[in-house]
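Chemist: Can you read through this structure? Questions will come right after.
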Amino acid sequence: MTEISEAPAVESQPVHHESFVFERPIQTVGRRKEAVVRVRLVPGTGKFDLNGRTLEDYFPNKVHQQLIKAPLVTVDRVESYDIFAHLNGGGPSGQAGALRLGIARALILANPEDRPR
């Protein structure tokens, strides 16, 4: 008769990502349709400044807000960086998509290990 030994249960600890410190803000550009967005990523607390307004003021649609935050959620850094962006051209959906791309590009520059393979 063989004995079955149980492997000890491994407790999963929450993964804590510390914010990376850079000498200067990371600046990227995102484009979609007619929209062009210039993004500056700086270590911070998760604040958005979009043409001088908050994320909720600039994009009242929850779908757009979720779309924009997706890159930050993917790498679990929602509250690690402040994002300052200047949005030009296009409509709300184009601007939201361009902002998402700009944020994703900035996050890859901040920590290349976060890039999906």
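The values are calculated or read from the model by the stated rules, or taken from the named source; none is laboratory data. This is a predicted model, so every value here is computed, not measured. Heads up, the Cβs are rebuilt from the backbone with ideal geometry, glycines too, and the neighbour counts pull from every protein chain shown.
Chemist: Select, from Pro116, Pro60, the only residue that is more than 11 Å from the chain's Cα centre (by Cα) and modelled with pLDDT under 95.
Modeler: Criteria check complete, one pass: Pro116.
Chemist: If you don't mind, another one. Quick one: in region 96-117, of everything that is charged (D, E, K, R) and without any contact (Cβ under 8 Å) to a residue 12 or more places away in the chain, which residue is surrounded by the most Cβ atoms within 10 Å (Cβ to Cβ)? Before you say what the answer is, go through the steps one by one.
Modeler: If we filter region 96-117 for residues that are charged (D, E, K, R), which is where we start, we get 100, 105, 113-115, 117.
With the extra rule that they be without any contact (Cβ under 8 Å) to a residue 12 or more places away in the chain, the set shrinks to 113, 115, 117.
Working: Glu113: 6, Arg115: 11, Arg117: 2.
Among those residues, the one meeting the criterion is Arg115.
Chemist: Let me ask another. Could you check region 53-92 and list, in sequence order, the residues that are of a type in the set (Val, Ile, Thr), in contact with a Lys or Arg (Cβ under 9 Å, 6 or more places away or on another chain) and not in a loop (DSSP other than H, G, I, E, B)?
Modeler: Correct list: Ile68, Ile83.
Chemist: Give me the residue from region 37-62 that is within 23 Å of Pro116 (Cβ to Cβ) and not small (Gly, Ala, Ser) and, out of that set, surrounded by the fewest Cβ atoms within 10 Å (Cβ to Cβ).
Modeler: Checked region 37-62; the qualifying residue surrounded by the fewest Cβ atoms within 10 Å (Cβ to Cβ) is Pro43.
Chemist: Quick check on region 76-95: of everything there that is surrounded by 14 or more Cβ atoms within 10 Å (Cβ to Cβ) and among the charged types (D, E, K, R), which residue is nearest to Ile26 (Cα to Cα)?
Modeler: Filtering first and then ranking leaves Asp82.
Chemist: How many residues are surrounded by 18 or more Cβ atoms within 10 Å (Cβ to Cβ) and among the β-branched types (Val, Ile, Thr) if we restrict to region 27-36? Let's see the steps before the verdict.
Modeler: Quick first cut of region 27-36, residues surrounded by 18 or more Cβ atoms within 10 Å (Cβ to Cβ) only: 28, 30, 32, 35-36.
Restricting the remaining residues to those that are among the β-branched types (Val, Ile, Thr) gives 28, 36.
Here the count works out to 2.
Chemist: Out of (1) aliphatic (A, V, I, L, M); (2) touching a His at 6+ places or on another chain (Cβ under 7 Å); (3) assigned to a strand (DSSP E or B), the odd one out for Ala96 is which?
Modeler: (3)
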